1. If residue A:63 passes every condition in (1) within 12 Å of the chain's Cα centre (by Cα); (2) in a helix (DSSP H, G or I); (3) closer than 30 Å to residue B:52 by Cα but one, which one does it miss?
2. Looking at the stretch A:84-102, which of its residues are assigned to a loop (DSSP other than H, G, I, E, B) and more than 26 Å from residue B:101 (Cβ to Cβ)?
3. Residues in the stretch A:27-82 that are away from DNA strand C (no atom under 11 Å from the Cβ), within 13 Å of chain B (Cβ to nearest Cβ) and under 21 Å from residue B:107 (Cα atoms): how many?
4. For residue B:75, state whether it is among the charged types (D, E, K, R) and either buried (at least 23 other Cβ atoms within 10 Å of the Cβ) or more than 13 Å from residue B:93 (Cα to Cα) (or both).
5. If a residue must be within 14 Å of the chain's Cα centre (by Cα), assigned to a helix (DSSP H, G or I) and within 10 Å of DNA strand D (Cβ to nearest atom), how many such residues does the stretch A:47-60 contain?
6. Identify, by number, the condition in (1) touching a residue at least 40 places away in the same chain (Cβ under 8 Å); (2) closer than 19 Å to residue A:24 by Cα; (3) outside any helix (DSSP H, G or I) that residue B:105 doesn't meet.
7. Would you please name the residue that is farthest from residue A:24 (Cα to Cα), looking only at residues in the stretch B:68-83 that are outside any strand (DSSP E or B) and without any contact (Cβ under 8 Å) to a residue 60 or more places away in the chain?
Number of protein chains: 2
Amino acid sequence: MTEQTRLPVWCGGEEWCPVTSTATLIGRKWHPVIVERLLDDGPMGFSELKEAVDGISSKVLSDVVEDLEQKELLDRAIISEKPFRVQYSLTDRGADLRPVIEAMDRWGRDHLQSASDEEESIV
Amino acid sequence: MTEQTRLPVWCGGEEWCPVTSTATLIGRKWHPVIVERLLDDGPMGFSELKEAVDGISSKVLSDVVEDLEQKELLDRAIISEKPFRVQYSLTDRGADLRPVIEAMDRWGRDHLQSASDEEESIV
DNA sequence: CGGCATCCACATGGATACTG
DNA sequence: CAGTATCCATGTGGATGCCG
């Protein structure tokens with residue numbers, strides 16, 4: 001279970017497909033946002049992260065960070081034992097996702113912004 | 001079921017989150033590759049697309065293109081009735097995903113390439 | 001604080017077979 | 001060609017509650 005990093009996926013017959021391979025790593029509902037929060041606000045603890053992402057349950061957040069850790073996109077460090085504290089930070093691999101996250105952010109703002117404005121009442 | 005376009009997702013309490021919103025649209029295993037293939041090779045039919053993505057089953061491809069169509073990222077046109085033919089092409093929204101796809105492609109090549117080389121025997 | 005346990009609903013992906 | 005039908009396994013997300 002420790003070698004989750006390598007999930008080569010092939011497409012088009014013979015060719016290995018970087019896009020699908022990448023998609024299988026971060027192509028989930030919450031994965032990208034968590035990376036984004038860590039990119040923008042730096043390392044943080046569990047609850048802090050949960051706040052930053054708000055809307056995610058602790059169970060799901062727990063699942064996701066564990067998954068991201070296995071994929072070596074983020075590190076989990078135990079900062080303190082007595083008042084038990086951990087800190088999540090991005091690995092270099094994880095930080096390198098910045099262009100992907102930024103492109104998603106840009107696209108979202110360009111194409112979904114107005115829709116969200118219109119339905120702001122949903123909040 | 002026709003208003004799938006608008007799926008505003010909020011994060012961080014009050015703020016609307018473009019990244020998560022985008023992730024809910026294309027954050028799946030096959031969605032990004034399909035967009036990539038259409039970006040690279042232009043409009044194509046069902047089987048052509050299935051070939052290009054190879055590894056996907058017709059059922060899943062069928063599900064995904066229907067989903068992408070609902071999300072207005074892709075158009076489905078019936079080209080011919082007698083020999084029944086359709087053609088899938090990207091909408092402008094869909095084509096605008098190029099930066100996202102390219103960033104994913106880049107990241108995949110930079111971070112997963114060697115792993116795939118090493119385990120090429122898996123193919 | 002930083003989770004895990006449990007239970008559940010639904011989404012996603014895949015195999016196989018079949019059709020107009 | 002372009003799917004649909006069926007069945008099934010697993011994944012993903014969410015609610016609630018509890019714990020050291």
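1. With (1) within 12 Å of the chain's Cα centre (by Cα); (2) in a helix (DSSP H, G or I); (3) closer than 30 Å to residue B:52 by Cα applied to residue A:63, the lone miss is (3).
2. Residue satisfying the conditions is A:84 alone.
3. Qualifying residue count, the stretch A:27-82: 14.
4. no
5. Count: 2.
6. Residue B:105 satisfies every listed condition except (3).
7. Checked the stretch B:68-83; the qualifying residue farthest from residue A:24 (Cα to Cα) is B:82.
Each reported figure results from applying straightforward, stated rules to the coordinates on display, with no laboratory input. As the structure is a prediction and not an experimental result, all values here were calculated from the model. Neighbour counts run over all protein chains shown; Cβ positions are idealised from the backbone, glycine included.
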